[in-house]
Amino acid sequence: AMKFNGYLKVRIGEAVGLQPTRWSLRHSLFRKGYQLLDPYVTVSVDQVRVGQTSTKQKTNKPTYNEEFSATVTDGHQIELSVFHDTPIGYDDFVANCILHFQDLLRSAGPSDSFEGW
């Protein structure tokens, strides 16, 4: 497998179509089938967290436009995870996606940057 060594810059734009979690539905004051989240996104490289966005209140379509950078040695994958910020206890996992450096490098082309998702 191809490994990545170098400087990584990740820009988190927005998330769309986030689904409420069981926790958020259970704690909804309105008891409707639809509940807004207080979402934030974490950026991890090979299970090490290198960034975390601010929390956006009451939205399932948060816009962040926040940037994170890290120096990566022998990187295999980037994981982006969305969590619902709960007032007590552990925050609630909402969704995640894993990007493999090898796929990004293969599709990056001569510009050395990748835009997607």
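The values are calculated or read from the model by the stated rules, or taken from the named source; none is laboratory data. If you're wondering where the values come from, they're calculated on a predicted model, not measured in any experiment. All Cβ positions, even for glycine, are placed from backbone atoms using ideal geometry, and neighbour counts span all protein chains on display. Ligands, DNA and RNA are excluded from the accessible area calculation, which covers all protein heavy atoms including side chains. Shrake-Rupley method; radii C 1.70, N 1.55, O 1.52, S 1.80 Å.
State yes or no: is Tyr7 open to solvent by 20 Å² or more (accessible area, probe 1.4 Å), in a strand (DSSP E or B) and either farther than 20 Å from Thr59 by Cα or at pLDDT 90 or above (or both)?
Details: open to solvent by 20 Å² or more (accessible area, probe 1.4 Å): yes; in a strand (DSSP E or B): yes; either farther than 20 Å from Thr59 by Cα or at pLDDT 90 or above (or both): yes.
The answer is yes for Tyr7.
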Kindly provide the set of residues from the range 80-97 that are open to solvent by less than 40 Å² (accessible area, probe 1.4 Å) and either outside any strand (DSSP E or B) or free of Cβ contacts under 8 Å to residues at least 40 places away in the same chain (or both), ordered by number.
Thr86
How many residues, within the range 49-63, are surrounded by fewer than 17 Cβ atoms within 10 Å (Cβ to Cβ), farther than 15 Å from Asn96 by Cβ and not polar (S, T, N, Q)?
2
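Residues Asn65, Asn60: which one is assigned to a strand (DSSP E or B) and free of Cβ contacts under 8 Å to residues at least 60 places away in the same chain? Give the steps one after another, and end with the answer.
Working: Asn60 fails: assigned to a strand (DSSP E or B).
Matching residue, one of Asn65, Asn60: Asn65.
Quick check, is Gln35 polar (S, T, N, Q), at pLDDT below 95, out of contact with any Phe, Trp or Tyr (no Cβ under 9 Å at 6 or more places or on another chain) and open to solvent by 70 Å² or more (accessible area, probe 1.4 Å)? Walk me through how you get there before you give the answer.
Values: polar (S, T, N, Q): yes; at pLDDT below 95: yes; out of contact with any Phe, Trp or Tyr (no Cβ under 9 Å at 6 or more places or on another chain): yes; open to solvent by 70 Å² or more (accessible area, probe 1.4 Å): no.
For Gln35, the condition - polar (S, T, N, Q), at pLDDT below 95, out of contact with any Phe, Trp or Tyr (no Cβ under 9 Å at 6 or more places or on another chain) and open to solvent by 70 Å² or more (accessible area, probe 1.4 Å) - is not met.
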